[in-house]
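Student: There's a structure below that I have some questions on.
Read-outs throughout are calculated quantities, based only on the coordinates presented, and are distinct from any laboratory measurement. All values derive from a computational prediction rather than experimental measurement. For neighbour counting, all protein chains shown are included, and Cβ atoms are generated from backbone atoms with ideal geometry for every residue, glycine included.
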Amino acid sequence: MTVAVDVSSGLAYPGSISRLLRRADSFLIVRGGTAAKSWRPVIRAVRSSIRPDDDDLVYFVEDDHLHRPEALRLLVEGSADYRLLYALASEHGTITPLRPGWAHVPGGTSSFAVTGRALRADASRHLWMSCGGGAWDELSWRALGSHVSKPGLAYVLAPFHPTPKWPRPWGLRPLRHAAFRLLCLLLARGRQRSIELRLPIQVTHCEKGMLAGEDDWARVALSMDTQPDAEHAPVHVPDAATIIPPRTRRRDVRALLAALG
């Protein structure tokens, strides 16, 4: 497991998070400052350094998604180019059952599994769409041929209509996002990726209003104690300095070690 750590804030992680991060196989240190700016070096690093094989599954996950312990193992049972463990019909489109355990969904968040073959072909689209402002993950899914809502002029011009998401409908930001909406619709004509969602939902977004289903996710979280005790086998937590990739800049190493405490 490679953990991308954005060290641009200079803040230290709480002890519980630091202990969890130290279990990583390696670190990717980025200086982004925003979700989109942090996302791009991760995509580039996977494409150029990790270089997954065609049938490998690469799982990208945001830092506020809670997983059931068995969730990741279920991904290998899917067959689509993109496989999701979390989506909401209200946010990501109609969920249509395909076969036992799997359903089609038009899109999701930036947490998804993708085959190495599809990632190499689609990496440039993920990079471009992250420059579009607004909900850039939604742009990415559309650029891959998926449509949560009907594509057309109304979709392209939506940023110019005042909504809670776009309180200032005129300016460079909505203009940029509208241009990227048009671009993703054009790109979608040449690509139609298969997207599958694992059912029942195995993951929840921890943002208020985005929780999955009626499950008691607080109980799930509390059941996954990261601290070794008498009832659990001791967990080896390596020195973070030993799993930082070589040729990492010294200032980035210092920033990571400071963040981990």
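Student: Where does helix 250-260 land angle-wise versus the long Cα axis of the chain, in degrees 0 to 90, nearest 10?
Tutor: Approximately 80 degrees, to the nearest 10.
Student: Can you compute 3J(HN,Hα) from phi for each residue in segment 192-203, using the Karplus curve 6.51 cos²θ - 1.76 cosθ + 1.60 with θ = phi - 60°, rounded to whole Hz and x for Gly and Pro?
Tutor: Per residue, the Karplus-derived 3J(HN,Hα) values read 9, 7, 7, 10, 10, 10, 6, 10, x, 4, 9, 9 Hz.
Student: Given R₀ = 45 Å, what would the calculated FRET efficiency be for ILE17 paired with LEU153, taking r from the Cβ atoms and rounding to 0.05?
Tutor: On the way: r = 45 Å, r/R0 = 1.00.
Here the calculated transfer efficiency is 0.50.
Student: Can you classify segment 2-239 as rounded, prolate or oblate using the Cα gyration tensor, where a ≥ b ≥ c are the square roots of its eigenvalues, rounded means a/c under 1.5, and otherwise it's prolate if a/b beats b/c and oblate if not?
Tutor: On the way: a/c = 1.59, a/b = 1.43, b/c = 1.12.
Verdict is prolate for segment 2-239.
Student: Please list the non-local residues whose amide H lies under 5 Å from the amide H of ALA4, H modeled 1.01 Å from N, same-chain partners needing a gap of 5 or more.
Tutor: LEU28
Student: Work out Dmax and Rg for segment 1-126 from the C-alpha atoms and quote the Rg first, both in angstrom.
Tutor: When restricted to Cα atoms, segment 1-126 yields Rg and Dmax of 15.6, 47 Å.
Student: Relative to the longest principal axis of the C-alpha atoms of the chain, give the angle of the C-alpha long axis of helix 172-188, reported between 0 and 90° and rounded to the nearest 10°.
Tutor: That works out to roughly 80 degrees.
Student: State, as an integer percentage, the relative contact order of segment 2-239 based on alpha-carbon contacts under 8 Å between residues 6 or more apart.
Tutor: In percent, rounded to a whole number, it is 24.
Student: If one takes the longest principal axis of the Cα atoms in the chain, at what angle in degrees, from 0 to 90 and to the nearest 10, does the Cα axis of helix 35-45 lie?
Tutor: 70
Student: Taking amide H positions as placed in the peptide plane 1.01 Å from N, state which residues far from GLY32 in sequence (5 or more) or on other chains have amide H under 5 Å from it.
Tutor: Those qualifying (amide H under 5 Å, at least 5 residues apart or on another chain) are VAL7, SER8.
Student: Using the crude model of +1 on Lys and Arg Cβ and -1 on Asp and Glu Cβ, and no other charge, please compute the dipole size for the chain relative to its Cα centre, in debye to 20.
Tutor: Numbers: 34 positive and 26 negative charges, 300 e Å.
Around 1440 debye, computed over the chain.
Student: Further question on the same structure: Would you mind computing, in nm to one decimal, how far apart the modelled labels at TYR59 and LEU172 are, each placed 7 Å from Cα along Cα→Cβ?
Tutor: Placing both labels 7 Å along Cα→Cβ, they lie 4.0 nm apart.
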